Amino acid sequence: MKKRILMIDDDLDFLEQRQAWLELEDPDFEVTTVSTLEGGRRLMREEYFHVITVDLGMSKAEAGGDTTGLLLVHDPEFAHLVKIVLTGPHNDVRLSRPAMLQREDGGLPPAVDYLLKSQGPEAMRDAIDRAIRRDCKIDTAMTVEWPSRGYAADLVGMLEPAAPDEGLFRRGEELSDVLRKAFLGYDRVRVVGRRWQHGARAALDVKAWRGGITHGRLVIVGLRDNVLAHIDAYRRLMPERAPRGHAQLIHYDYPLRTLRYAGAVFELPNARIDDVRSLPHFYADSGPNDVRECIRGLVAEGLKPWGQYPQLLGTADHADQRLRQQAGLPDDSPERLRQRIQDVGQVAERHNEATLSLADGRLTICPLKGAEQEAPDPAAWLAQAGPQAFSRPLSAGESCGAPHADTILVARGHRSWLTDYGRIGHGPLLSTVAALEAVVLFELHTFDSLDDFSHAYRDLLRHDDLAQPLGAPSATVRKPFAAIQQMRELAAKADYGGDMEAYHRALFYHAARRLLDMPDEELHDDPRRGLCLCLGLGLLAEQLTAPANPVDRSGGFVANPQTKQMWVEGRLISPTPRARDFLLYLWQKRDEFCPNATIVEGCRGYRYAAENVHNWAKEARQALGPAADRYLVSDRGGYTLYPAGRPGAPPGR
């Protein structure tokens with residue numbers, strides 16, 4: 001590894017001689033020299049050095065016997081840097097003693113060592129090596145292996161897109177130092193690859209060897225302030241022992257401020273890092289039942305609040321503002337969302353996928369193949385004021401907000417772990433579930449066409465209760481519907497509060513955030529996904545602005561043809577799709593006898609034989625429960641639905 005040294009001295013001959021000797025003696029030494037204190041301060045602020053040597057006698061002694069070199073050593077701005085002081089033959093050695101005093105807070109002393117210039121270059125070399133190992137906590141002998149020679153530089157380019165190309169390799173060496181600090185005491189470290197990367201933070205799959213034993217770790221690296229905020233939030237809000245479903249922080253080290261990067265080491269309890277894969281890969285390779293079980297564990301463990309006493313949010317407008325904040329929507333979101341929707345339309349038109357327009361408060365999408373889709377303008381809806389009231393207050397507690405899908409790792413047996421804590425905090429718990437639903441619909445699942453998405457999403461939006469089971473309208477959407485039903489049921493059971501309007505609002509905000517954050521490369525590769533997001537936002541806006549249509553559910557059998565919901569004696573029921581159509585048709589003809597042939601024609605056209613009505617009725621009776629015979633009567637090759645109960649039937653039968 002390169003040992004980066006800054007030497008501050010006004011003796012130019014001394015600087016030249018020591019620099020030449022050190023770099024010749026050890027090619028790993030990279031020595032920078034400066035002859036003024038002002039220049040030294042500038043470099044200490046801007047560059048990364050392992051050790052700084054400072055000549056105490058760079059000016060005449062000032063009042064109290066101090067010198068400008070000593071003032072620099074004691075400057076609080078540079079208290080985090082490892083410094084060695086040098087004294088010449090005419091300097092009082094006693095001046096170096098205050099610089100060696102240990103700080104009360106246990107931090108670095110102003111100087112970790114002092115040398116006489118007359119001691120020679122060998123003593124300086126040994127003192128520098130000792131300071132790097134003891135005070136920088138970096139093992140210079142440790143080998144850090146990257147997947148390829150330019151891997152670290154490429155990673156820097158992703159973490160810092162604005163970084164100059166000529167500095168990428170040098171900054172990549174700083175990432176190697178982060179790993180040396182993180183795995184101090186290990187024999188060897190090898191970076192297997194990158195698990196995920198979002199903005200200025202990435203997760204590396206790392207193997208480390210110590211004493212012949214291999215350890216698999218997940219290391220979060222990134223820009224210093226970003227990672228330190230990540231660690232601070234984790235330590236402040238997460239219990240000392242991470243709950244199930246969360247990665248466990250096992251090591252972190254606050255780095256030198258001149259080091260651009262920081263790192264935190266995590267492990268996955270009871271799992272090997274080799275055996276896990278990201279949620280998108282798991283979703284693509286698994287069936288509906290496996291996905292449902294994975295989502296169950298994720299919601300019940302990873303997204304479950306770890307605080308014992310969730311708090312109730314106040315008024316609806318305050319709760320709605322918290323939902324927006326949880327999704328990370330800035331104040332200028334309506335303008336940015338409108339521009340982003342127009343960007344999606346331009347890309348889709350260039351790819352001959354569809355045309356999109358926003359005019360007169362309406363969003364219109366005309367796909368190349370399929371029916372025209374129309375909905376309210378999502379940006380216009382987002383600019384409106386919040387709701388007057390929710391039917392129930394929302395609960396808030398410590399949670400992980402809206403984790404990205406690829407930061408969720410899944411092992412055999414469907415067990416999952418959250419590994420990114422950039423959005424950890426106190427917020428509406430219902431919002432975390434809505435965020436996961438947005439991930440399933442707009443990130444994990446791929447719809448074959450805009451028509452398929454429209455049909456499936458309209459079916460989802462008709463439900464007005466989180467606990468209501470979902471029936472997939474087609475086999476192609478069984479997987480996302482199974483996952484969404486599981487997460488909604490668990491949210492209802494956990495009583496996260498709020499009504500479907502609150503849930504749909506949270507879903508809108510997270511979908512809008514997803515569209516705003518969608519990388520241009522992803523949009524160009526898959527414009528249909530962008531179109532689905534735009535249409536989904538429009539349909540949500542339509543649902544949230546639709547006038548209320550109250551239904552009296554107090555007694556008997558009641559159906560709402562608009563939402564396709566049904567109640568028996570006040571209890572919401574969930575028939576199969578064909579039983580639902582069967583009951584809705586009889587609801588339109590209630591109290592009238594309907595022959596089987598008429599029912600088939602009204603429900604399914606002529607694709608089915610009349611004999612199939614018996615199976616539909618059987619499924620309808622199962623949904624109606626014990627009261628089925630009171631409301632559904634078969635006679636003479638047909639059926640009659642009596643919403644108030646069949647004539648002559650005693651109450652409760």
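Brief remarks on what is shown
- Net lengthening on full extension, ARG42/GLN311 (0.36 nm per residue, minus Cα-Cα): 92.0 nm
- Among the protein heavy atoms, those of ASP451 account for about 40 Å² of accessible surface (1.4 Å probe, every chain in place).
- Spin-label pair HIS614-ASN352: with each label point 7 Å from Cα along the Cα-Cβ axis, the two points sit 5.3 nm from one another.
- Looking at the chain alone, DSSP beta bridges between its own residues are antiparallel in about 75 percent of cases.
- Reference-scaled alpha-carbon Rg (2.2 N^0.38 Å with N residues) for region 572-651: 1.01
- Loop sites in region 105-154: trypsin sites (Lys or Arg not before Pro), DSSP, at most 13 other Cβ within 10 Å: ARG149
- The value given for region 263-316 is a Kirkwood hydrodynamic radius of 14.3 Å, derived from the mean inverse Cα-Cα separation.
- Size-normalised alpha-carbon gyration radius of region 232-306, reference 2.2 N^0.38 Å: 1.38
- Cross-link pairs beyond the 19 Å C-alpha cut-off, checked among LYS2/LYS117; LYS493/LYS618; LYS207/LYS304; LYS369/LYS479; LYS117/LYS181; LYS181/LYS207: LYS2/LYS117; LYS493/LYS618; LYS207/LYS304; LYS369/LYS479; LYS117/LYS181
- Exposure rank, largest accessible area first [LEU179, LEU12, LEU71, LEU37; 1.4 Å]: LEU12, LEU71, LEU37, LEU179
- Values of log10 I(q)/I(0) for region 339-405 across q = 0.13, 0.18 Å⁻¹ run -0.61, -0.83, by the Debye formula with one identical scatterer at each alpha carbon and no solvent.
- Those trypsin sites (Lys or Arg not before Pro) in region 334-380 that DSSP places in a loop and that have at most 11 other beta carbons within 10 Å: LYS369
- Residue-wise HN-Hα couplings along region 510-523, as the Karplus relation 6.51 cos²θ - 1.76 cosθ + 1.60 with θ = phi - 60° gives them from phi, are 6, 5, 5, 4, 5, 5, 5, 8, 4, x, 4, 4, 5, 5 Hz; Gly and Pro carry x.
- For region 401-445, fraction of C-alpha pairs farther apart than 15 Å, in %: 49 percent
- Share of pairwise Cα separations in region 131-173, more than 12 Å, in percent: 63 percent
- A convex hull fitted around the alpha carbon atoms of region 464-586 yields 132 Å³ per residue.
- With only Cα atoms counted, the chain has Rg and Dmax values of 33.0, 120 Å.
- Globularity index of region 294-420, i.e. its alpha-carbon radius of gyration over 2.2 N^0.38 Å: 1.40
- The trypsin sites (Lys or Arg not before Pro) of region 565-629 that DSSP puts in a loop, and whose beta carbon has at most 13 other beta carbons within 10 Å, are ARG607.
- In a fully extended conformation the segment linking ASP225 and ASP187 would gain 10.8 nm over its present Cα-Cα distance, using 0.36 nm per residue.
- Here each label is just a point 7 Å from Cα along the line to Cβ, and for SER118 and THR576 those points are 9.9 nm apart.
- Convex hull volume per residue in cubic angstrom - Cα atoms of region 428-515: 84 Å³
- Dipole of the chain, positive end: most advanced residue of ALA494, LEU539, GLY637 [Cβ charges, Cα centre]: GLY637
- If the convex hull is drawn through the Cα atoms of region 370-457, its volume per residue in Å³: 171 Å³
- In order along region 163-177, phi translates into HN-Hα couplings of 5, x, 4, 5, x, 5, 5, 4, 6, x, 5, 5, 4, 4, 5 Hz, rounded to whole numbers, per the Karplus curve 6.51 cos²θ - 1.76 cosθ + 1.60 with θ = phi - 60° and x for Gly and Pro.
- Over region 277-357, the Kirkwood radius and the radius of gyration, each from Cα atoms, give a ratio Rg/Rh of 1.13.
- For region 181-312, the fraction of alpha-carbon pairs lying more than 26 Å apart is 30 percent, rounded to a whole number.
- Top positive-direction residue, dipole computed over the chain with Cβ charges, set ALA579, ALA203, GLY185: ALA579
The values are calculated or read from the model by the stated rules, or taken from the named source; none is laboratory data. Just so you know, these numbers come straight off a predicted model, no measurement behind them. Note that we place each Cβ from the backbone using ideal geometry, even for glycine, and neighbour counts take in every protein chain shown. Surface areas here come from the heavy atoms of the whole protein model, side chains and all, with no ligands, DNA or RNA. Shrake-Rupley method; radii C 1.70, N 1.55, O 1.52, S 1.80 Å.
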